[in-house]
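Data first, discussion second: the structure below is written as structure tokens.
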Amino acid sequence: MYHLECIECHRKYQPTDVIYTCTCGGLLDVVYDYSNIHITKKDLKGPLSVWKYRALLPITREPISLHEGGTPLYRVDRLAKSIGMKEVYVKHEGMNPTGSFKDRGMTVGVTKALELGKETVACASTGNTSASLAVYGARAGVPAVVLLPSGKVALGKLAQALMHGAKVLSIRGNFDDALKLVRDLCDREGFYLLNSVNPYRLEGQKTIAFEIADQLGWRAPDRLVLPVGNAGNITAIYKGFREFKRLGIIDGVPKMTGIQAEGASPVVRAIKNNAAMITPEDKPETVATAIRIGNPVNAIKALNAIRESGGTAETVSDDEIIRAQQELAALEGIGVEPASASSIAGLRKLVDMGVIEKDESVVCVTTGHLLKDSEHVLAVCPKPIEIDATIEAVRRAVYSN
Ligand SMILES: *Cc1c(COP(=O)(O)O)cnc(C)c1O
Ligand SMILES: [Zn+2]
């Protein structure tokens with residue numbers, strides 16, 4: 001039905017192999033026998049969810065699920081007008097069970113862990129991966145170990161990891177250090193690694209593309225804009241669109257457009273320099289902690305997705321991210337965390353630069369929910385107005401500016 005294949009040397013591995021990267025060091029892809037997969041638009045009727053696409057997921061057992069996917073695709077005309085565009089949509093992944101798209105990967109990844117007979121799951125995380133792993137580990141009844149960069153995780157995410165009973169380790173180092181450690185830990189202890197280097201997680205995340213195609217009436221938008229951290233999601237979504245095209249469900253694939261923060265932008269630099277590989281950054285820094293990553297593991301796949309699709313990559317400043325977050329919240333009623341808002345900030349910048357045409361149809365993926373990082377909200381929004389409990393004081397305050 002499917003196998004794992006190295007994107008560098010094309011060595012193949014079986015579904016029963018517990019392996020994350022090829023012996024040559026290359027990243028792995030899940031490859032299906034597409035000639036034996038026959039799904040049509042008709043087969044895809046009914047409510048959206050990750051598991052609706054089972055025919056294109058590498059799982060045989062009953063899934064560990066909390067009803068992930070089925071997130072709204074909002075048309076955002078007021079925001080579009082403010083940017084100077086005609087057709088802009090927001091795919092709000094913050095509406096998943098734990099508040100980020102990571103759930104799409106974890107429902108598949110944790111189910112795979114059980115299929116492989118693994119008894120402990122583990123990850124390094126900037127926050128959302130740990131929240132999601134803690135929740136799906138609890139749902140599956142297996143212990144979860146999460147490694148976080150000390151002091152740099154949004155409180156909502158940390159709260160989730162703690163409350164759902166993961167073993168939470170705070171590493172004196174950044175995300176890239178934590179990832180190196182957890183890979184070593186999994187090799188030594190036989191824990192199942194659920195970072196996005198794990199190709200099964202990306203299989204769950206590719207369903208974002210399937211849902212967008214369905215929600216747009218079986219077509220792909222001209223362009224997809226999303227934040228890039230470890231670069232798994234851009235890779236996964238591109239794979240999803242390509243699979244739907246290959247199966248004849250849609251005609252085209254969108255231009256994949258990755259946005260990074262100025263302080264953590266190895267993928268953007270590689271695209272601009274036309275480099276074959278990224279140069280890792282030692283001290284990534286940005287208010288958008290979910291994309292505060294200097295050495296993205298899926299960089300090769302992401303560079304390929306961007307180049308093959310005719311897309312691009314751009315940086316945005318922290319100020320631009322915060323402004324976009326506030327604009328999306330106030331103009332459209334969509335609350336997202338800072339990393340997610342970078343897609344909106346990036347769209348605006350690329351339209352201003354003339355890179356994105358005003359008549360393109362664009363979907364921005366907003367990856368996580370506003371409440372993940374309410375500390376940041378309190379830091380950037382005006383304080384509540386404290387007044388006496390009298391109607392005069394209330395009226396004065398209502399009409400003050
Ligand atoms: C994980 C995450 C990202 C980055 O996704 P990658 O697959 O690592 O590129 C962006 N935004 C949010 C909210 C996330 O949780
Ligand atoms: Zn290989």
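The values are calculated or read from the model by the stated rules, or taken from the named source; none is laboratory data. On a predicted model such as this, the values are computed, not experimentally measured, just so you know. No Cβ is skipped: glycine too gets one built from the backbone with ideal geometry, and neighbour counts run over all protein chains shown.
For the reader, a short list of remarks on this structure follows.
- All of (1) within 12 Å of ligand 1 (Cβ to nearest atom); (2) more than 28 Å from Lys180 (Cα to Cα); (3) out of contact with any helix residue (DSSP H, G or I) (no Cβ under 6 Å at 6 or more places or on another chain); (4) of a type outside the set (Phe, Trp, Tyr) hold for Ser340 with one exception: (2).
- Hey, Gly263 out of contact with any Cys (no Cβ under 9 Å at 6 or more places or on another chain) and surrounded by 24 or more Cβ atoms within 10 Å (Cβ to Cβ) or not: no
- Odd one out for Asn401 among (1) modelled with pLDDT of 95 or more; (2) of a type outside the set (Gly, Ala, Ser); (3) not assigned by TED's automatic domain parsing to the domain that holds His92: (1)
- Gly46 away from ligand 1 (no atom under 16 Å from the Cβ) and either in a helix (DSSP H, G or I) or touching a helix residue (DSSP H, G or I) at 6+ places or on another chain (Cβ under 9 Å) (or both): yes
- Which listed residue is on the phi > 0 side of the Ramachandran plot, away from ligand 2 (no atom under 16 Å from the Cβ) and not aliphatic (A, V, I, L, M), from Gly294, Gly310: Gly310
- Scanning segment 1-27 for residues that are more than 16 Å from ligand 1 (Cβ to nearest atom) and of a type in the set (A, V, I, L, M, F, W, C) turns up Met1, Leu4, Cys6, Ile7, Cys9, Val18, Ile19, Cys22, Cys24.
- Count of segment 27-59 residues which are within 16 Å of ligand 2 (Cβ to nearest atom) and either in contact (Cβ under 8 Å) with a residue 60 or more places away in the chain or in the same structural domain as Lys118 (by TED's automatic domain parsing) (or both): 4
- Listed by position, the helices (runs of 4 or more DSSP H) enclosed by segment 288-361 that each have at least 2 residues that are among the aliphatic types (A, V, I, L, M) and more than 24 Å from Arg242 (Cα to Cα) are 318-332, 338-352.
- Top-ranked residue of segment 362-388 - restricted to ones that are part of a loop (DSSP other than H, G, I, E, B) and of a type outside the set (Val, Ile, Thr), ranked as nearest to the chain's Cα centre (by Cα): Cys381
- Asp187 being at pLDDT below 95, farther than 13 Å from Gly127 by Cβ and of a type in the set (Asp, Glu): no
- Applying the criterion of being more than 10 Å from ligand 1 (Cβ to nearest atom) and in contact with a strand residue (DSSP E or B) (Cβ under 7 Å, 6 or more places away or on another chain) to the residues of segment 293-303, the residue that is nearest to Thr126 (Cα to Cα) is Gly294.
- Members of segment 246-274 that are free of Cβ contacts under 8 Å to residues at least 24 places away in the same chain and either outside any loop (DSSP other than H, G, I, E, B) or touching a helix residue (DSSP H, G or I) at 6+ places or on another chain (Cβ under 8 Å) (or both): Arg269
- The criterion of at least 1 residues that are crowded, with 22+ Cβ neighbours inside 10 Å and in contact (Cβ under 8 Å) with a residue 24 or more places away in the chain is met, among strands (runs of 3 or more DSSP E) falling completely within segment 63-179, by 87-92, 121-124, 144-149.
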